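Participant: To start, I am sharing the structure in question, which I have written as structure tokens.
The values are calculated or read from the model by the stated rules, or taken from the named source; none is laboratory data. These figures come from a predicted structure and were not determined experimentally. A quick note on method: Cβ atoms are made from the backbone with ideal geometry, for glycine too, and the neighbour counts reach across all protein chains shown.
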Amino acid sequence: MSSFASFREFYPFYLSEHANRTSRRLHFIGSCGVLALVVVAITTGNAWWILGALLCGYGFAWVGHFFFEKNRPATFKHPFYSFAGDWVMFKDILTGRIRF
């Protein structure tokens with residue numbers, strides 16, 4: 001993977017790594033699960049739900065990469081940009097900019 005000077009430069013690469021529709025759907029479902037589990041953690045005051053949120057988000061995403069995209073998640077080389085990319089793609093799917 002290349003080095004990126006900014007997130008704006010990284011995001012097109014991120015999207016190219018998520019060309020498979022099933023993989024994007026798995027990412028979206030995982031992100032929904034993350035949001036739900038963070039709400040549970042806050043409402044119950046039990047921080048263990050945050051661990052569940054991490055497992056949910058990364059679990060769904062990695063299944064998408066390993067079984068559908070057949071690539072390695074960008075998280076391994078670009079963890080911060082990849083994390084931001086997950087949420088920008090989530091927003092882009094919600095707003096219809098990217099096909100669900």
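Participant: Search segment 85-100 for residues being assigned to a helix (DSSP H, G or I) and in contact (Cβ under 8 Å) with a residue 60 or more places away in the chain, and hand back the single one that is surrounded by the most Cβ atoms within 10 Å (Cβ to Cβ). Before the answer, list the steps.
Facilitator: If we filter segment 85-100 for residues that are assigned to a helix (DSSP H, G or I), which is where we start, we get 85-94.
Cutting the leftovers down to in contact (Cβ under 8 Å) with a residue 60 or more places away in the chain gives us 85, 88-90, 93.
Details: 85: 23, 88: 17, 89: 20, 90: 19, 93: 17.
It comes out as 85.
Participant: For residue 46, work out the one condition from (1) within 15 Å of the chain's Cα centre (by Cα); (2) outside any helix (DSSP H, G or I) it doesn't fulfil.
Facilitator: Going through the list (1) within 15 Å of the chain's Cα centre (by Cα); (2) outside any helix (DSSP H, G or I), residue 46 breaks only (1).
Participant: Oh, and also: Scan segment 3-26 for residues that are in contact with an Asp or Glu (Cβ under 9 Å, 6 or more places away or on another chain) and loosely packed, with under 12 Cβ neighbours inside 10 Å and jot them down.
Facilitator: 19
Participant: Here's a follow-up. Inspect all residues belonging to segment 27-39 and state whether any of them is touching a residue at least 60 places away in the same chain (Cβ under 8 Å) and either part of a helix (DSSP H, G or I) or surrounded by fewer than 15 Cβ atoms within 10 Å (Cβ to Cβ) (or both).
Facilitator: As a first pass, look at segment 27-39 and keep what is touching a residue at least 60 places away in the same chain (Cβ under 8 Å): 27-28.
Then keep just the ones that are either part of a helix (DSSP H, G or I) or surrounded by fewer than 15 Cβ atoms within 10 Å (Cβ to Cβ) (or both); that gives 27-28.
Yes: segment 27-39 contains one or more residues that are touching a residue at least 60 places away in the same chain (Cβ under 8 Å) and either part of a helix (DSSP H, G or I) or surrounded by fewer than 15 Cβ atoms within 10 Å (Cβ to Cβ) (or both).
Participant: Still on this model: Being under 16 Å from the mean Cα position of the chain (by Cα) and at pLDDT 95 or above narrows it down to one of 53, 41, so name that one. Give the steps one after another, and end with the answer.
Facilitator: Working: 41 fails: under 16 Å from the mean Cα position of the chain (by Cα).
After ruling out the rest, the residue left standing is 53.
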